[in-house]
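**Q** Before we start, here is the structure in question, set down as structure tokens.
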Amino acid sequence: MSMTSGINRSPLLLTILGCAAGIFVLQNGIGTQPTGKQYESVTETLKNGNTRTVKKLKAGVAAPAFQGISSSWQRDFNQGSVQTQGLSPDQLLFALAGFREMIAGILWVRADSFFDSGNYDAILPIIRLVTVLDPKQIDVYATGMWHIGYNFTDEEQRSDRRYIPSALALGKEGARNNPLTYEMFFETGWMWYHKIDDDYSNAVRWFELAQERPDMLPARRNLITNAYERDGKVDKSLDTLFKLYEAAGKKAKEDAAFGNKQNRDTLENKLDTTLVRMVQRGWFAGKDGRPLTGYDVNPPFDTGFSAKVTVTEARVLRFEGTWNVLPVGTRIRAVLRDADFPNAKPAGMEWDFSNDVNLDPPRDKTFMQEQLFVRNQRFNKKVDMSKDPTMYPFTSKDYVIDFYYNPRSAPPHIQDKFSWNGEGFTDKNFLNTQVREGQRVMFTSVKISKDQLLRRGDWREKVPVIKTANYLDKDGKAYNQADQVTIDLPSLRAN
Amino acid sequence: MFRPIASIAATTVGEAIRRKVLLIILLIGVLFLVVAPGLGMLSARSETTVLRGMMLGIIQLTSAVIAIVLTVYMIPNEIERRTIYTILSKPVQRWQFLVGKYFGAVAALLMMMTLMTSVLVFTFWLQQRDASAIPDLIKAPVMYFVQMSLLAAVAIFFSTFVSPLVNFFLSGGLYLLGSLFAPFFQTLQESQGTPQAAKIFAQLVNTILPNFANYNIQNPIINPGQQIQNESSYYLQVTIYGVLYIAGLLVAGTIVFDRREV
């Protein structure tokens, strides 16, 4: 049986044309696109206490031309550009079909199980995939950044600092992709403040960016004052403390919740302590041009740094030395790195040199950083790099050992003598004002060869010892051993 | 004029509910929704993010499979079983038959998606004990419903002239393309090296293809704290877009089906 029905097709074709025209206009919009300047960000508090930032047309601004679904979707709902390398075919298919967040979630759950089992290497590609699939997952950025920066360690729990530029790059990418929330700005600042623990101006820069975001938590907001102090901007820190204290007081009056009152009290305490320290350390006197006689920081204290490095076995070093500060809390930074380590600088590197998240650090390069803890005015630390050949490959011919101490990183009880910028600090042999511009630090550096580090060639039978000229043994005698070859470190006095 | 459409739609809903394959897909979807909270014990916020992402993904995926499986067989089955002759010998126009079938499919889809959304809401509430996030969460399944209605229209259009197996891959492929092309289009438009002709061509394809990505609004819901401009107006626009596209496809399907000898 054959059946057809004849209908008038003209109105149907006209309907299709009408629909097509409507679809075109809706999808692509008409007229000029509105600019971001016509909108203002309005932070709304949700019922559960979380905040959500919504962009709304500014009052008095005429409604922009209709911009189309395509532009709106890309602006508000798009998960990011198409980069799906590294996914398995089934994951790729799902990701392309619009299930990116679901795949990201599954991968993140998988990463969590790797965390539990300690399989840290497996987590790295997952972090990258999840952030590519869903660049709005702030937790993945924050956790990933911490993981890359902190968790790759050797057998003695020393961090692999070759990963830090990647961690910072991930933080920067997270901040770029989530500019409305403070979190990635804060996390990146924290990496500078706590992990790198040097170049505090970068911590300040990121904390200031975080501070601009309205959703920042009060306790975290307060941390910027510490960063200002470590950056040597004590007046700025005090100003900020006053502002924060005033705001916290107002908040506690409006809402007498325990957290608000506690925050106000914490700030009051911190403000008191800072003022006392500023007086005792002669900060105000120094600013007024008054003599610093009688203040704790005057006269500057000579730390009398001396050091000896012995290559006891291949890839095993013993750091010994003196530091005349009796109270505990001093940690002297020792760095051993390739002489041609990319982007290296004295006692560190240009950590922020890359914007690309490269999860594969320079595996043919060595960068060891250790903190030498001082007790009873001496330090003595064995650094065994023989068990971690991937972290310490020693492929280059020449290496550098740096010793570095910056009073800005010192704990408060030591800063009470040295002050924030090292005004009360000196070292007659190794004071340096060049390696960190405008700062008084202890720094010295020496070269060492691969043969010496690996105890091979001419050094197979001899023990290489590098020492400063002023180094004295524990019994106070000048160091002298016939069977060891000593190499003197350069010092101000020797130069 | 509308009574035959309503009758055919009602019959279609009944048929859909009785189809075991659809019920199995639905059951699997619901099962996944129920077990989703147990998949990972992450930090509090990660857990919510993953939970939302997984649950919305499950609803979207299950709904897409149901929408395609439900509609690809509709017309060919009627022809194959010859039941279409009985219907068309009555005072029922072909367009009424097609539209009735479509509405029946959409109504069945609505029922199934409502069930899944209810499970989503209940499970989320059970897990998080936080009802404030639920209104936001429901926005996604609502938009998915419009998306799946569009997908059903695509499948029913193809079902007027291709076999179910071909239609399955055709509709699925178009869904994939329509979901992928929006971000791809953006990449092309933003790339300064792309020739103008390629950009125009991309714009043309972006307009012609049913843009399923318009309804993928889950990202700001999964990751709260993102900014959305003129949210309601956007949802209204994409709904109108969907309705217009569906209307266009149904009219085109009517023309094709009308010319077809059965």
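The values are calculated or read from the model by the stated rules, or taken from the named source; none is laboratory data. Quick caveat, the model's predicted, so the values are computed rather than measured. Cβ sites come from the backbone with ideal geometry, for glycine too, and all protein chains shown count toward neighbours. When the accessible area is computed, the model is the full protein with side chains, heavy atoms only, and any ligands, DNA or RNA have been set aside. Shrake-Rupley method; radii C 1.70, N 1.55, O 1.52, S 1.80 Å.
**Q** What helices (runs of 4 or more DSSP H), lying completely within the stretch A:138-202, carry at least 3 residues that are within 30 Å of A:Lys387 (Cα to Cα)?
**A** A:138-150, A:164-177
**Q** Output the number of residues of the stretch A:385-406 satisfying the condition of being open to solvent by 20 Å² or more (accessible area, probe 1.4 Å) and part of a strand (DSSP E or B).
**A** Qualifying residue count for the region: 1.
**Q** Also, I was wondering about something else. Can you go through B:Ala247, B:Ala198 and tell me which one is more than 7 Å from every other protein chain (Cβ to nearest Cβ) and part of a helix (DSSP H, G or I)?
**A** None of the other options fit; the residue is B:Ala198.
**Q** Same structure again: Filtering the stretch A:130-157 down to residues that are more than 14 Å from chain B (Cβ to nearest Cβ) and open to solvent by 10 Å² or more (accessible area, probe 1.4 Å), which residue is nearest to A:Pro179 (Cα to Cα)?
**A** For the stretch A:130-157, the residue satisfying everything is A:Tyr150.
**Q** In this structure, is B:Tyr102 at negative phi, more than 10 Å from chain A (Cβ to nearest Cβ) and part of a helix (DSSP H, G or I)?
**A** Against the criterion (at negative phi, more than 10 Å from chain A (Cβ to nearest Cβ) and part of a helix (DSSP H, G or I)), B:Tyr102 qualifies.
**Q** Next question, about the same structure. Sort out which residues of the stretch B:124-138 are within 12 Å of chain A (Cβ to nearest Cβ) and either open to solvent by 70 Å² or more (accessible area, probe 1.4 Å) or not hydrophobic (A, V, I, L, M, F, W, C) (or both), and write them in order of number.
**A** B:Gln128, B:Arg129, B:Asp130, B:Ser132, B:Pro135, B:Asp136
**Q** Condition first: open to solvent by 10 Å² or more (accessible area, probe 1.4 Å) and aliphatic (A, V, I, L, M). Can you find one or more residues in the stretch A:421-435 that meet it?
**A** yes
**Q** Taking the stretch B:171-180 on its own, how many of its residues are among the aliphatic types (A, V, I, L, M) and either closer than 17 Å to B:Ile66 by Cβ or in contact (Cβ under 8 Å) with a residue 60 or more places away in the chain (or both)?
**A** To start, the set of residues in the stretch B:171-180 that are among the aliphatic types (A, V, I, L, M) comprises B:174, B:176-177, B:180.
Checking which are either closer than 17 Å to B:Ile66 by Cβ or in contact (Cβ under 8 Å) with a residue 60 or more places away in the chain (or both) leaves us with B:174, B:176.
Within the stretch B:171-180, residues that are among the aliphatic types (A, V, I, L, M) and either closer than 17 Å to B:Ile66 by Cβ or in contact (Cβ under 8 Å) with a residue 60 or more places away in the chain (or both) number 2.
**Q** With B:Phe181, B:Phe169 as the choices, which residue is among the hydrophobic types (A, V, I, L, M, F, W, C) and within 11 Å of another protein chain (Cβ to nearest Cβ)?
**A** Values: B:Phe169 fails: within 11 Å of another protein chain (Cβ to nearest Cβ).
Matching residue, one of B:Phe181, B:Phe169: B:Phe181.
**Q** Looking at B:Ile75, B:Ile58, B:Ile87 in this structure, which one is under 29 Å from B:Ser132 (Cβ atoms), within 14 Å of chain A (Cβ to nearest Cβ) and open to solvent by less than 70 Å² (accessible area, probe 1.4 Å)?
**A** Of the residues listed, the single one that is under 29 Å from B:Ser132 (Cβ atoms), within 14 Å of chain A (Cβ to nearest Cβ) and open to solvent by less than 70 Å² (accessible area, probe 1.4 Å) is B:Ile58.
**Q** Looking at A:Gly282, A:Gly304, A:Gly321, A:Gly294, which one is open to solvent by less than 20 Å² (accessible area, probe 1.4 Å) and touching a Gly at 6+ places or on another chain (Cβ under 9 Å)?
**A** After ruling out the rest, the residue left standing is A:Gly282.
**Q** Please return the ranges of strands (runs of 3 or more DSSP E) entirely within the stretch A:245-344 where 2 or more residues are of a type in the set (S, T, N, Q) and in the same structural domain as A:Glu423 (by TED's automatic domain parsing).
**A** Filter on the stretch A:245-344 gives A:306-313.
**Q** Can you pull out the residues in the stretch B:205-262 that are small (Gly, Ala, Ser), under 23 Å from B:Asn167 (Cβ atoms) and at pLDDT below 90?
**A** B:Ala213
**Q** So which residues in the stretch A:439-464 are open to solvent by 70 Å² or more (accessible area, probe 1.4 Å), in contact (Cβ under 8 Å) with a residue 40 or more places away in the chain and outside any strand (DSSP E or B)?
**A** Correct list: A:Arg456 only.
**Q** In addition: For residues that are small (Gly, Ala, Ser) and more than 7 Å from chain A (Cβ to nearest Cβ), tally how many sit in the stretch B:250-260.
**A** Here is the first cut: in the stretch B:250-260, the ones small (Gly, Ala, Ser) are B:252-253.
Next, only the ones that are more than 7 Å from chain A (Cβ to nearest Cβ) stay: B:253.
So the count comes out to 1.
**Q** Only residues that are open to solvent by 10 Å² or more (accessible area, probe 1.4 Å), of a type in the set (A, V, I, L, M) and within 7 Å of another protein chain (Cβ to nearest Cβ): list them for the stretch B:206-241, please.
**A** The answer is B:Ile240, and nothing else.
**Q** For B:Leu188, are the conditions met, namely being over 24 Å from the mean Cα position of the chain (by Cα) and either more than 9 Å from chain A (Cβ to nearest Cβ) or crowded, with 17+ Cβ neighbours inside 10 Å (or both)?
**A** So B:Leu188 passes the test.
**Q** Could you figure out which of (1) free of Cβ contacts under 8 Å to residues at least 12 places away in the same chain; (2) outside any helix (DSSP H, G or I) isn't true of B:Val92?
**A** Condition (1) is where B:Val92 drops out.
**Q** One residue is enough: does the stretch A:159-166 have a residue meeting the conditions open to solvent by 10 Å² or more (accessible area, probe 1.4 Å) and β-branched (Val, Ile, Thr)?
**A** The answer is no; no qualifying residue exists.
**Q** Does at least one position in the stretch A:213-234 carry a residue that is within 14 Å of chain B (Cβ to nearest Cβ) and either in a helix (DSSP H, G or I) or acidic (Asp, Glu) (or both)? First the steps, then the outcome.
**A** Looking only at the stretch A:213-234, we keep the residues that are within 14 Å of chain B (Cβ to nearest Cβ), and these are A:213-217.
Narrowing further to those that are either in a helix (DSSP H, G or I) or acidic (Asp, Glu) (or both): A:215.
For the stretch A:213-234, residues within 14 Å of chain B (Cβ to nearest Cβ) and either in a helix (DSSP H, G or I) or acidic (Asp, Glu) (or both): present.
**Q** Inside the stretch A:255-274, can you point out the residues that are surrounded by fewer than 13 Cβ atoms within 10 Å (Cβ to Cβ) and aliphatic (A, V, I, L, M)?
**A** Once the filter is applied, which keeps residues that are surrounded by fewer than 13 Cβ atoms within 10 Å (Cβ to Cβ) and aliphatic (A, V, I, L, M), the stretch A:255-274 yields A:Ala256, A:Ala257.
**Q** I need a count of the residues in the stretch A:165-185 that are of a type outside the set (D, E, K, R) and within 14 Å of chain B (Cβ to nearest Cβ).
**A** 10
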